[in-house]
Amino acid sequence: MSLLRVQGLKIHFPLRKSWLGKGGWVKAVDDVSFEVEKGTTVGLVGESGSGKSTIARALLKLVPPTAGEAFYEDREILSLSESEFRPLRKQMQMVFQDPIGSLNPRMTVEEILGEPLGIHFKKLSRHQRRDIAAALLHRVGLPEESLNRYPHEFSGGQRQRIGIARALAVEPKFLICDEPVSALDVSVQAQILNLLKDIQDEFKLTLLFIAHDLAVVRHMSDKIVVLHHGKIVEEGLADDICDRPQHAYTRQLLEAVPALA
């Protein structure tokens with residue numbers, strides 16, 4: 001059963017007119033359709049500029065679509081007003097690429113984790129929010145003492161763990177991971193990927209996993225959707241896409257995967 005179904009999604013951005021008066025449009029996403037089954041991971045893969053992150057932002061209503069529909073649990077969400085969509089934000093959370101950019105540097109970890117709890121669970125006391133925040137940190141492999149520290153006091157991998165904890169705070173069903181390991185060292189990447197897989201199993205989450213590295217996407221995904229210049233050029237089961245690619249662009253992505261020494 002599908003948790004998310006995207007149909008004919010188009011996202012076009014206007015070009016600024018030149019001194020000759022010429023304008024136009026950038027077709028960041030051009031007629032994209034795919035489904036994400038409950039409890040599975042779908043990987044969106046493509047080089048920078050392929051439109052994968054723009055799709056993620058459109059699904060969370062951070063950028064407006066030009067055309068198309070997206071159904072979350074059979075409810076069309078792209079046409080919803082902000083007030084209508086707000087209750088769904090609790091169910092749909094994102095883990096961002098750059099943890100230092102997505103964490104408020106002026107807030108402690110306790111405040112960062114407590115903020116979404118205060119918004120979505122208004123009856124919780126401050127003491128209850130702190131207890132939940134401590135439990136979330138423990139789940140992502142950080143000590144309770146981290147609550148009193150600020151984002152700049154952590155390594156990149158630790159900051160990403162805090163970002164994951166924040167996403168989990170509101171008990172989502174659907175997690176969008178937008179290049180969550182691309183800014184991390186290779187050894188740390190593996191730790192974060194394994195943490196995401198463990199959390200998915202434990203909390204019965206559905207994932208949309210976005211990356212440019214096909215090897216990483218294969219490790220995480222049940223199904224892969226390959227994007228090139230805003231269009232889907234190939235999709236299928238992860239092993240089929242990686243072992244028997246049909247499109248030349250998919251083969252280029254595979255050839256770009258670093259070989260182990």
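Things worth noting here:
- Taking region 26-133 as the region of interest, the number of lysine pairs whose Cα atoms are within less than 20 Å, with members eight or more places apart or on different chains, is 7.
- From helices alone, the chain scores -11000 deg cm²/dmol at 222 nm; the rule is -39500 (n - 2.57) for each run of n ≥ 4 DSSP H residues, then divide by the residue total.
- Among the trypsin sites (Lys or Arg not before Pro) in region 1-71, those located in a DSSP loop and surrounded by at most 16 other Cβ atoms within 10 Å of their own Cβ are R16, K17, K22, K38.
- On full extension, the segment bounded by H127 and R75 gains 15.1 nm, given 0.36 nm per residue less the C-alpha separation.
- With the simple spin-label model, which puts each label point 7 Å out from Cα in the Cβ direction, the H138 to A215 separation comes to 3.6 nm.
- Positive dipole terminus of the chain, leading residue within I210, S187, G118 (C-beta point charges): G118
- Loop-located GluC sites (Glu not before Pro) in region 10-83 whose Cβ has at most 15 other Cβ within 10 Å (DSSP): E47, E73
- Taking every DSSP bridge with both residues inside region 158-251, close to 55 percent are antiparallel.
- Averaged per residue, region 3-153 has 54 square angstrom of accessible surface, using a 1.4 angstrom probe with ligands and nucleic acids left out.
- Each Lys and Arg Cβ is given +1 and each Asp and Glu Cβ -1; about its Cα centre, the chain then shows a dipole of about 940 debye.
- Taking every DSSP bridge with both residues inside the chain, close to 55 percent are antiparallel.
- Candidate aspartates and glutamates for bridging to K10, where Cα separation is under 16 Å - those fewer than 8 sequence places away on the same chain excluded: D30, D31, E35, E69, E76
- Across every direction, the projection of the convex hull enclosing the Cα atoms of the chain has a mean area of 16.5 nm².
- Across all directions, the average projected area of the convex hull around the alpha carbons of region 37-82 is 4.0 nm².
- Taking amide H positions as modeled 1.01 Å from N, with prolines and chain starts lacking one, the residues under 5 Å from G43 and 5 or more places away or on another chain are F209, D222, K223, I224, V225.
- Loop-exposed chymotrypsin sites (Phe, Trp or Tyr not before Pro) per DSSP, neighbour cap 16 Cβ within 10 angstrom, longest uninterrupted part of the chain: 122-261
- Rounded FRET efficiency, nearest 0.05, which uses the C-beta distance separating E145 from K27 and R0 of 41 Å: 0.25
- Considering only Cα atoms, the convex hull volume of region 105-226 works out to 110 Å³ per residue.
The values are calculated or read from the model by the stated rules, or taken from the named source; none is laboratory data. Owing to the predicted nature of the structure, the values given are computational and were not obtained by experimental measurement. Glycine also receives a Cβ, built like all others from the backbone with ideal geometry; neighbour counts cover every protein chain displayed. The accessibility values were calculated without ligands, DNA or RNA, using every heavy atom of the protein model including side chains. Shrake-Rupley method; radii C 1.70, N 1.55, O 1.52, S 1.80 Å.
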